[in-house]
Amino acid sequence: MNDCAPLRVSEQVFGAGRDDRQPPETGFPFGMPPPDPPRDWHRADIIAAVKKTGTTISALSRQHGLSSNSLANAFDRRWPRAEAIIADHLKVSPWLIWPSRYADKHDLRTFVSKQPAQDNGVSGG
């Protein structure tokens, strides 16, 4: 007679003695590594995106009453006002351009791009 009890499916997959409700060690299915975090845009990509709109970072700085090189500081350090100006000009949220700066899980910030309301053709009244 065989003294060993047959293994449950969860024991065959995760190993004997493990609770079948526990995820694998990585916390992801089948021991897969976690996904790579989103990367910040490269400064050249931000500059190119602004130039495609027909202006420059310097001109954008001056339009907002700043010195011509002020907005360039957002490339090297966190400055929410400059990030918001650049992102608003590109019609995206700052966290899409600089996800590493808004990655705090306890302080998830969302920014809504300020876009004019669209006329749906229905008159009120």
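Coordinate-derived values only; no laboratory data. Everything numeric here is computed off the predicted structure, so don't read it as measured data. Don't worry about glycine lacking a Cβ; one is built from the backbone with ideal geometry, like all the others, and counts go over all protein chains shown.
Seen from every direction in turn and averaged, the convex hull around the alpha carbons of the range 43-102 projects onto 3.6 nm². Subtracting the Cα-Cα distance of Ala84 and Gln63 from 0.36 nm times their residue separation leaves 6.2 nm of extension gain. If Lys and Arg each add +1 and Asp and Glu each add -1, what is the summed charge of the other residues whose beta carbon sits under 11 Å from the beta carbon of Ser70? Charge balance in the 11 Å sphere: +2.
Residue order for Val92, Val50, fewest other beta carbons within 10 angstrom first, comes to Val92, Val50. Between Asp36 and Asn73, the FRET efficiency estimated from the beta carbon spacing at R0 = 25 angstrom works out to 0.40.
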